[in-house]
Each structure stands twice: as structure tokens, then as C-alpha cells.
Amino acid sequence: MRLSHFLFPAAATAATIPGLSLNCAPTGAIMATPKFGTMGAVFTVCAQTSIRGSEPALYDVLLDFPRYHEWNTFVYDVDVPANVTSAKDVYLGMPMTLHTYGLIPVLNSTSQESISFLEPHYQTPFVGWLTDAGIGLAGLQAEHISLLRDLGGGMTEYVSWETYYGAGALVVAVLKGRLQTQFENQGRDLKIRVEGL
């Protein structure tokens, strides 16, 4: 049984799960995340797009980290444990290193993350991963949520946001504009990937 089954009732929807939103908040507004809420939040970036494809198809592409290099121009590579070869192998707490492009001119960057939520069976399926320097709000915490909502007619709404917390987020905040652009690029890339399957 998944840990999140203890945290949320089985019949919950995004509107009732703390920290989940069905849409991006107005520009500049803080969005809660399930793990960290809003306390100590410094900023949020969010992108949203409608994609022709089923929730399960999008969910699998989002979790197929070994293939990010095939479609994602922002997170161009992900280091995962050797036993993770596809979306079905991803597990709660799984560590990973995201390699990103476009945040710092002429340099690539990396971040250490771990899977915080795997919820393919909720009415609004979602996945989450987070960064936590282990020193609470004195350091940097961030949680990235990708939520999927069936629009009918073969369309799914993709809402992806990341909220940054703590003193370290004040340093990262100088990259907010670039992060926003890359989240939008990632949404576009996901749309192209899923609609091309």
C-alpha cells in the first residue's frame, strides 16, 4: 500500500487534497504543494496546457525518466537508480538527479530530487517530486507537482507547478522568469511527445 493512502482518502479529488490545484494560480501567486503547503513559500512557477491524450498516457511519459532525453528540452536527462528502466519501475522516495538546460546562460544545472507522490488512480492523477536540503526553511525546499485532469473527448489538462521554500529560495528567485519559461517549454514538449505517440 502506498504511503499516500494513509495521507488522503481513496475517494479524494484535487479540490479536497491539501496542496493540489486544478489550474495555475494568477501570475505571482503562491501555490501550495501537498508536502509543504504554503508556510515559508517564496515563489511558484506554473504551466498549464491541454493535450490530446489519455491521463494514463501522460502519466507514463511524465514518469519515464530514462527517456526524458528523447523529448524534454528543459530536463534533458535524469539519473535514476540502475533498476529503474521505465515508468513502471519508479517508486516513492526514489532519488534522482535532474539535468536541466536554460536556467543559467551557457551552463547546464543539476538538482537532487526524490519522488514524493505517485497517484495514478485519483480522479485527478498526479505525481510529485521534491528537493529538501534537510535543514528545513533555513535551506532550500521545493516540490514539483504534475496534475492531470480528464477534459473529455480524448483531451487531458496538464497542470505543472513548483513552489520554492526557505532562505535558499531567495537565491533561486532570481531565476524565476527563466524557470517559468522552461516550465512552459516542458509543457509544450510533453504535448508534442504525447500527441506524437
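The values are calculated or read from the model by the stated rules, or taken from the named source; none is laboratory data. Keep in mind that what you see is a predicted model, and the values were worked out from it rather than measured. Counting neighbours? That spans all protein chains shown, and the Cβs are built from the backbone with ideal geometry, glycine included. Ligands, DNA and RNA are excluded from the accessible area calculation, which covers all protein heavy atoms including side chains. Shrake-Rupley method; radii C 1.70, N 1.55, O 1.52, S 1.80 Å.
Evaluate the relative contact order of the stretch 53-148 (contact order divided by residue number), counting alpha-carbon pairs under 8 angstrom at least 6 apart; express in whole percent.
Details: 174 pairs, mean separation 18.9, N = 96.
Value for the stretch 53-148: 20 percent.
Label sites at ALA138 and GLU70, each approximated as a point 7 angstrom past Cα along Cα to Cβ, lie 4.5 nm apart. Only aspartates and glutamates eight or more places from LYS176 in sequence, or on another chain, were considered; those with a Cα closer than 20 Å are GLU113, ASP132, GLU143, GLU162, GLU184, ASP189. The lysines whose alpha-carbon is closer than 27 Å to the alpha-carbon of LYS88, local same-chain residues fewer than 8 away aside, are LYS35, LYS191.
Need the full-extension length gain, HIS121 to ASP77, defined as separation in residues times 0.36 nm minus the C-alpha distance. One decimal, nm. Intermediate results must be reported in sequence, preceding the final value.
Details: separation 44, 0.36 × 44 = 15.84 nm, distance 2.69 nm.
Computed gain between HIS121 and ASP77 is 13.1 nm.
Mean sequence separation of contacting Cα pairs (under 8 Å, at least six apart), scaled by the length of the chain, corresponds to a relative contact order of 27 percent. Taking all protein chains together and a 1.4 Å probe, the residues VAL171, VAL45, VAL80 rank VAL171, VAL80, VAL45 from largest to smallest accessible area.
Sort HIS99, HIS121, HIS69 from largest to smallest accessible area, using a 1.4 Å probe on the heavy atoms of the protein chains.
Details: HIS99 35, HIS121 150, HIS69 110 Å².
From most exposed to least exposed: HIS121, HIS69, HIS99.
Sketch the reach of a paramagnetic label on THR97 as a point 7 Å from Cα along Cα-to-Cβ, and name the residues of the stretch 38-69 whose backbone nitrogen lies under 17 Å away. Within reach of a label on THR97, which here means backbone N under 17 Å from a point 7 Å along Cα→Cβ, the stretch 38-69 contributes 65-69. Ranked by solvent-accessible area (1.4 Å probe, protein heavy atoms only, all chains present), the residues MET155, MET39, MET94 order from largest to smallest as MET39, MET155, MET94.
Evaluate the relative contact order of the stretch 106-197 (contact order divided by residue number), counting alpha-carbon pairs under 8 angstrom at least 6 apart; express in whole percent. Write out the running numbers ahead of the final one.
Values: 124 pairs, mean separation 17.1, N = 92.
The value is 19 percent.
In nm, what is the difference between 0.36 nm times the number of residues separating ASP89 and SER54 and their Cα-Cα distance? Could the numbers behind the result be given before it?
On the way: separation 35, 0.36 × 35 = 12.60 nm, distance 2.02 nm.
That pair, ASP89 and SER54, stretches by 10.6 nm at full extension.
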